[in-house]
Ligand SMILES: [Zn+2]
């Protein structure tokens, strides 16, 4: 039984689809989908397009997802809903976390592409995304998005793709604008003994030590220890002697000097002050290295590591599982230090970010 309002609805939909098809065949034309439920055929299948999604078509009629989300029209994904959340701070030296929630409990492969855009070009890489939580009948996939202290990035394009064995199920894309940070500078002057130690670290294979730590902090494990949230690595944070991101001038004796970027935050106190795990995780490194001194690295999962340097004494051992708040070392001034302090650093895929930019982890709720 067809009445007049049904007919009006059908005509409206047909007109909309006609308008849509004329738009997407035009060269490089963007199409903004303002209402859900429409479908388009992409080279690798037929997809449902979500609200506020933008697609572009080239001169060959090939579509490209510019922003928003599309989902494959396969039995697995019937009535699939997609929700995204961006946590954290998009700022040089800061970090975001992208969460994508779907009402599908079959674990899917999650891949994320990062395309950082800075003044002199692009910098691209991809990483695995992981399941962060299960909420009743939904799975939450997540990925950390670090913002470097070195490249003056303007924005980063993030593409997250969930796929089964055969199909791309969901593709989500967004552009995150990154705000600049002002970096101050600091001069650190070493006395005779430290100058000698740092300039001629006797009998050490510095390159091998560097390779070893890079291998560790480039890992991207599927652990979810970071759900414990973050805290400071010392109880008393009043004596902050060096800020994250400082452009550093190192001055040694005999007229020698070098420059560097300070990739952590320094908290000074007495030798022997307890150094505390700032987040739950697995200890992956607990040993002496040139410049770092006695150092501990903890894997918190999904590419996030925290690092504690210059300790007088190491307590946690490689392989230990620690809780947030556990004592892992004692403060000292081993390695490149002019007084007892804790150099607290966090890295994501090996990229240093301000550890304090991760406090949003304390607000995670599933
Ligand atoms: Zn430091």
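Readers should treat all values here as calculations from the given coordinates under stated rules, not as data from a laboratory. From a predicted model like this one, the values you see are computed outputs, not experimental measurements. Every residue, glycine among them, receives a Cβ derived from its backbone with ideal geometry; neighbour counts consider all protein chains shown.
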Could you check the simple spin-label distance between residue 113 and residue 150, using points 7 Å along Cα→Cβ, in nm with one decimal?
2.4
Could you pull the Cα extents of the stretch 245-366 along its three principal axes, largest to smallest, in whole Å?
56, 27, 23
Using the 2.2 N^0.38 Å rule of thumb for compact globular proteins, work out how the stretch 129-182 stacks up: its C-alpha Rg over that value, please.
1.48
Using mean Cβ contacts within 10 Å as the protection proxy, how do 346-354, 137-145, 104-112 order, highest first?
346-354, 137-145, 104-112
Under the Kirkwood approximation applied to all pairs of distinct alpha-carbon atoms, what is the hydrodynamic radius of the stretch 233-311 in Å?
14.3
Once the piece of chain linking residue 120 and residue 251 is laid out straight, how much longer is it, given 0.36 nm per residue of separation minus the C-alpha distance between them?
44.0 nm
Once label points are set 7 Å from the Cα along Cα→Cβ at both residue 271 and residue 52, what is their separation, rounded to one decimal in nm?
5.7
Using the Cα atoms of the stretch 114-156, I'd like the radius of gyration and the largest Cα-Cα distance, Dmax, both in angstrom.
14.4, 46
So if R0 is 51 Å, what FRET efficiency would residue 159 and residue 189 give, r being the distance between their Cβ atoms, rounded to the nearest 0.05?
0.65
For the stretch 158-261, place one equal point scatterer on every Cα, skip the solvent, and apply the Debye formula. What is log10 of I(q)/I(0) at q = 0.17, 0.21 Å⁻¹?
-1.23, -1.29
When 131, 275 are arranged by how many other beta-carbons sit within 10 Å of their Cβ, fewest first, they go 131, 275
Nearest 0.05, what FRET efficiency do residue 135 and residue 84 give at R0 = 25 Å with Cβ-Cβ as r?
0.95
Exposure-ranked with fewest Cβ neighbours within 10 Å first, 232, 172, 308, 116 stand as 232, 116, 172, 308
